[in-house]
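Input: a single structure, listed below in C-alpha coordinates.
The values are calculated or read from the model by the stated rules, or taken from the named source; none is laboratory data. All figures in this text were calculated on a predicted structure; none of them were measured in a lab. So basically every Cβ, Gly included, is an ideal-geometry build from the backbone, and we count neighbours across all protein chains shown. Ligands, DNA and RNA are excluded from the accessible area calculation, which covers all protein heavy atoms including side chains. Shrake-Rupley method; radii C 1.70, N 1.55, O 1.52, S 1.80 Å.
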Amino acid sequence: MSSDHRTAPPTLGSERETLRAFLDYHRATLAMKCEGLTDEELRQRSMPPSTLSLLGLVRHMAEVERAWFRRVFEDNDAPMVWSDTIDFQAAYDASASTRAEAFTAWEAEAENSRRIEREAGSLDLTGRQPRWGREVSLRMVMVHVLLEYGRHNGHADFLREGVDGTVGA
(Lines give C-alpha, C1' and ligand atoms only; values in the text may rest on other atoms or scores of the structure.)
Protein backbone atom coordinates (compact mmCIF):
# COMPACT_ATOMS: atom_id res chain seq x y z
CA MET A 1 0.00 0.00 0.00
CA SER A 2 1.57 3.22 -1.12
CA SER A 3 -0.38 6.02 0.51
CA ASP A 4 -3.82 6.64 1.86
CA HIS A 5 -5.99 8.35 -0.76
CA ARG A 6 -9.30 7.73 1.02
CA THR A 7 -11.65 10.61 1.73
CA ALA A 8 -12.53 10.63 5.40
CA PRO A 9 -16.24 10.62 6.21
CA PRO A 10 -17.63 13.90 7.53
CA THR A 11 -17.73 14.52 11.25
CA LEU A 12 -20.89 16.53 10.70
CA GLY A 13 -23.44 15.76 8.03
CA SER A 14 -26.85 14.41 7.33
CA GLU A 15 -27.64 10.75 7.86
CA ARG A 16 -27.52 10.16 4.12
CA GLU A 17 -24.26 12.03 3.58
CA THR A 18 -22.70 10.10 6.45
CA LEU A 19 -23.85 6.68 5.24
CA ARG A 20 -22.76 7.46 1.68
CA ALA A 21 -19.34 8.68 2.82
CA PHE A 22 -18.71 5.70 5.10
CA LEU A 23 -19.64 3.27 2.31
CA ASP A 24 -17.22 4.96 -0.08
CA TYR A 25 -14.54 5.06 2.63
CA HIS A 26 -14.87 1.31 3.15
CA ARG A 27 -14.90 0.64 -0.61
CA ALA A 28 -11.67 2.64 -0.86
CA THR A 29 -10.22 0.73 2.09
CA LEU A 30 -10.71 -2.62 0.35
CA ALA A 31 -9.11 -1.26 -2.84
CA MET A 32 -6.21 0.13 -0.81
CA LYS A 33 -5.60 -3.25 0.84
CA CYS A 34 -5.11 -4.73 -2.65
CA GLU A 35 -2.80 -1.99 -4.00
CA GLY A 36 0.55 -3.02 -5.38
CA LEU A 37 -0.08 -6.77 -5.33
CA THR A 38 0.16 -9.16 -8.25
CA ASP A 39 -2.72 -11.41 -9.27
CA GLU A 40 -0.92 -14.30 -7.62
CA GLU A 41 -0.54 -12.38 -4.35
CA LEU A 42 -4.19 -11.31 -4.48
CA ARG A 43 -5.19 -14.98 -4.86
CA GLN A 44 -3.04 -16.09 -1.89
CA ARG A 45 -5.29 -17.93 0.56
CA SER A 46 -5.34 -17.35 4.27
CA MET A 47 -4.95 -20.95 5.48
CA PRO A 48 -6.29 -24.37 4.48
CA PRO A 49 -9.07 -25.28 4.07
CA SER A 50 -10.26 -21.68 3.66
CA THR A 51 -10.47 -20.24 0.15
CA LEU A 52 -10.42 -16.69 1.57
CA SER A 53 -8.12 -14.30 -0.31
CA LEU A 54 -8.05 -10.59 -1.05
CA LEU A 55 -9.28 -11.24 -4.58
CA GLY A 56 -12.02 -13.46 -3.17
CA LEU A 57 -13.11 -10.61 -0.91
CA VAL A 58 -13.31 -8.23 -3.88
CA ARG A 59 -15.40 -10.78 -5.77
CA HIS A 60 -17.61 -11.36 -2.72
CA MET A 61 -18.21 -7.63 -2.29
CA ALA A 62 -19.28 -7.41 -5.94
CA GLU A 63 -21.90 -10.03 -5.08
CA VAL A 64 -22.92 -8.14 -1.94
CA GLU A 65 -23.33 -4.88 -3.85
CA ARG A 66 -25.43 -6.65 -6.49
CA ALA A 67 -27.55 -8.60 -4.00
CA TRP A 68 -28.34 -5.60 -1.83
CA PHE A 69 -28.76 -2.80 -4.35
CA ARG A 70 -29.47 -4.15 -7.86
CA ARG A 71 -31.55 -7.17 -6.78
CA VAL A 72 -33.47 -5.25 -4.11
CA PHE A 73 -34.24 -2.03 -5.98
CA GLU A 74 -34.04 -2.87 -9.69
CA ASP A 75 -34.33 -6.55 -10.58
CA ASN A 76 -35.15 -9.22 -7.99
CA ASP A 77 -34.15 -11.87 -10.53
CA ALA A 78 -30.79 -10.41 -11.59
CA PRO A 79 -28.26 -13.25 -11.63
CA MET A 80 -25.37 -13.23 -9.23
CA VAL A 81 -21.97 -12.42 -10.70
CA TRP A 82 -20.17 -15.72 -10.04
CA SER A 83 -22.89 -18.27 -9.32
CA ASP A 84 -26.02 -19.50 -11.03
CA THR A 85 -27.63 -19.81 -7.62
CA ILE A 86 -27.53 -17.43 -4.69
CA ASP A 87 -24.21 -18.79 -3.44
CA PHE A 88 -22.06 -16.09 -1.89
CA GLN A 89 -19.34 -18.65 -1.15
CA ALA A 90 -18.70 -19.18 -4.89
CA ALA A 91 -17.16 -15.72 -5.14
CA TYR A 92 -14.49 -16.60 -2.58
CA ASP A 93 -12.90 -19.10 -4.95
CA ALA A 94 -10.67 -16.73 -6.90
CA SER A 95 -8.22 -19.44 -7.98
CA ALA A 96 -8.77 -18.67 -11.67
CA SER A 97 -9.56 -14.98 -11.27
CA THR A 98 -7.54 -11.88 -12.08
CA ARG A 99 -7.42 -8.38 -10.65
CA ALA A 100 -8.91 -7.06 -13.89
CA GLU A 101 -11.87 -9.45 -13.81
CA ALA A 102 -12.67 -9.02 -10.11
CA PHE A 103 -12.14 -5.27 -9.91
CA THR A 104 -14.08 -4.59 -13.11
CA ALA A 105 -17.11 -6.44 -11.72
CA TRP A 106 -16.80 -4.94 -8.23
CA GLU A 107 -16.34 -1.37 -9.46
CA ALA A 108 -19.31 -1.72 -11.84
CA GLU A 109 -21.55 -3.01 -9.04
CA ALA A 110 -20.39 -0.30 -6.63
CA GLU A 111 -21.09 2.38 -9.24
CA ASN A 112 -24.54 0.91 -9.87
CA SER A 113 -25.18 0.95 -6.11
CA ARG A 114 -24.10 4.60 -5.94
CA ARG A 115 -26.47 5.46 -8.80
CA ILE A 116 -29.40 3.70 -7.13
CA GLU A 117 -28.72 5.55 -3.88
CA ARG A 118 -28.31 8.95 -5.60
CA GLU A 119 -31.54 8.54 -7.56
CA ALA A 120 -33.59 7.52 -4.52
CA GLY A 121 -35.83 10.23 -3.14
CA SER A 122 -35.02 9.29 0.43
CA LEU A 123 -33.54 6.62 2.67
CA ASP A 124 -37.12 5.46 3.22
CA LEU A 125 -37.29 4.06 -0.32
CA THR A 126 -38.24 0.40 -0.07
CA GLY A 127 -37.40 -2.55 -2.21
CA ARG A 128 -37.92 -6.29 -1.89
CA GLN A 129 -35.06 -8.42 -0.61
CA PRO A 130 -35.73 -11.60 -2.61
CA ARG A 131 -33.85 -13.94 -0.26
CA TRP A 132 -35.93 -12.76 2.69
CA GLY A 133 -39.16 -12.18 0.78
CA ARG A 134 -39.53 -8.91 2.71
CA GLU A 135 -39.49 -5.20 2.07
CA VAL A 136 -36.39 -3.34 3.23
CA SER A 137 -35.50 0.35 3.22
CA LEU A 138 -32.55 1.92 1.46
CA ARG A 139 -31.36 2.97 4.92
CA MET A 140 -31.30 -0.65 6.08
CA VAL A 141 -29.51 -1.75 2.89
CA MET A 142 -26.83 0.92 3.26
CA VAL A 143 -26.21 0.00 6.90
CA HIS A 144 -26.12 -3.72 6.04
CA VAL A 145 -23.62 -3.24 3.22
CA LEU A 146 -21.54 -0.94 5.42
CA LEU A 147 -21.38 -3.70 8.05
CA GLU A 148 -20.34 -6.20 5.37
CA TYR A 149 -17.46 -3.95 4.33
CA GLY A 150 -16.42 -3.37 7.93
CA ARG A 151 -16.27 -7.09 8.65
CA HIS A 152 -14.51 -8.00 5.43
CA ASN A 153 -12.03 -5.13 5.64
CA GLY A 154 -10.96 -6.65 8.94
CA HIS A 155 -10.31 -9.88 7.05
CA ALA A 156 -8.43 -7.88 4.42
CA ASP A 157 -6.12 -6.49 7.15
CA PHE A 158 -5.02 -9.98 8.11
CA LEU A 159 -4.83 -11.23 4.53
CA ARG A 160 -2.61 -8.34 3.43
CA GLU A 161 -0.33 -8.83 6.39
CA GLY A 162 -0.04 -12.50 5.47
CA VAL A 163 0.90 -11.68 1.88
CA ASP A 164 3.70 -9.17 2.43
CA GLY A 165 3.71 -8.07 6.08
CA THR A 166 2.00 -4.74 5.37
CA VAL A 167 -0.16 -3.54 8.23
CA GLY A 168 -2.17 -0.41 8.92
CA ALA A 169 -5.21 1.43 7.60
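Figures for the structure shown
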{"read-out": "Surface accessible to a 1.4 Å probe, TRP82 within the full protein complex, Å²", "value": "60 Å²"}
{"read-out": "Area of THR51 that stays accessible when all protein chains are in place (1.4 Å probe, Å², to 10)", "value": "50 Å²"}
{"read-out": "Selected from ARG43, ARG131, ARG59 as most flexible by GNM, with the chain as the system and alpha-carbon contacts under 10 Å", "value": "ARG131"}
{"read-out": "Gain upon complete extension [LEU147, GLU135; 0.36 nm per residue less C-alpha separation]", "value": "2.4 nm"}
{"read-out": "Gaussian network model of the chain, springs between alpha carbon atoms under 10 Å - residue of MET142, MET61, MET47 with greatest fluctuation", "value": "MET47"}
{"read-out": "Most mobile of SER113, SER97, SER50 in a GNM of the chain (Cα contacts under 10 Å)", "value": "SER50"}
{"read-out": "Estimated [θ] at 222 nm from DSSP helical runs (n ≥ 4, -39500 (n - 2.57)) normalised by residues in the chain, nearest 500", "value": "-17000 deg cm²/dmol"}
{"read-out": "Histogram of C-alpha separations across the chain, 5 Å bin width, %", "value": "1, 9, 18, 21, 20, 15, 10, 5, 1, 0"}
{"read-out": "Rounded FRET efficiency, nearest 0.05, which uses the C-beta distance separating ALA96 from THR166 and R0 of 25 Å", "value": "0.50"}
